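Chemist: Below you will find the structure I want to go over with you.
The values are calculated or read from the model by the stated rules, or taken from the named source; none is laboratory data. Fair warning: this is a prediction, and the values are worked out from it, not measured in the lab. Cβ atoms come from the backbone with ideal geometry, glycine included; neighbour counts cover every protein chain shown. Ligands, DNA and RNA are excluded from the accessible area calculation, which covers all protein heavy atoms including side chains. Shrake-Rupley method; radii C 1.70, N 1.55, O 1.52, S 1.80 Å.
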Amino acid sequence: MENGSKSDPLEAVGAVITALGFVAVFLTGSYGLLVAPLIVGLGLTVWKMGEMRRELREEISSLKAELDELKGRVSNG
């Protein structure tokens, strides 16, 4: 995470789901190979969704600050 930004809760949930998928492979052996890739894929997808949501929020915040700055220039100019 850059600039000390807080992680999105979906990132943490995705990491936990992914870890559970890997645990399923190790604990269940060959039975886990049937379901574990789906669990890992789901976890990675949720993780990435959280990361993208966090980045989008940061970008929106930056754009709002820029818009406020431009509004100040127009009203002062």
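Chemist: Please report the carbon-and-sulfur percent of the accessible area for the chain; probe 1.4 Å, protein heavy atoms only, DNA, RNA and ligands left out. Don't jump to the answer; show the numbers that get you there.
Modeler: Numbers: 4010 of 5910 Å².
In the chain, the share of accessible area belonging to carbon and sulfur is 68 percent.
Chemist: Where does helix 32-76 land angle-wise versus the long Cα axis of the chain, in degrees 0 to 90, nearest 10?
Modeler: Relative to the chain, helix 32-76 is tipped by roughly 0 degrees.
Chemist: Could you work out [θ]222 nm for the chain from helices alone, using -39500 (n - 2.57) per DSSP H run of at least four and dividing by all its residues? Round to the nearest 500 deg cm²/dmol. Intermediate values should be presented prior to the final figure.
Modeler: Numbers: 2 runs with 65 residues, N = 77.
Rounded to the nearest 500, the figure is -30500 deg cm²/dmol.
Chemist: Per residue, what accessible area does the chain have, given a 1.4 Å probe and all protein chains present, in Å²? Display every interim value, and only then the final one.
Modeler: On the way: 5910 Å² over 77 residues.
Ligands and nucleic acids excluded, the result is 77 Å² per residue.
Chemist: Still on this model: Angle check, please: helix 9-28 long axis (alpha carbons) against the longest principal axis of the chain (alpha carbons), in degrees 0 to 90, nearest 10.
Modeler: 10 degrees
Chemist: Explain nothing, just the number: relative contact order of the chain, from Cα pairs under 8 Å at least 6 residues apart, as a whole percent. It would help to have the intermediate numbers written out before the result.
Modeler: On the way: 65 pairs, mean separation 27.6, N = 77.
Relative contact order, the chain: 36 percent.
Chemist: Tell me which label goes with the value of Cα Rg over 2.2 N^0.38 Å computed from the coordinates here: [x] 1.46; [y] 1.74; [z] 1.05.
Modeler: Entry [y].
Chemist: Provide the packing ranking of 9-15, 30-36, 66-72, i.e. peptides ordered by the mean count of other C-beta atoms within 10 Å per residue, highest first.
Modeler: Taking the mean over residues of other Cβ atoms within 10 Å, the ranking is 9-15, 30-36, 66-72.
Chemist: Report the extension gain between residue 28 and residue 49 in nm, rounded to one decimal, defined as 0.36 nm multiplied by the number of residues separating them, less their alpha carbon distance. Don't skip to the end; give the middle numbers.
Modeler: Values: separation 21, 0.36 × 21 = 7.56 nm, distance 2.83 nm.
Gain in length upon complete extension: 4.7 nm.
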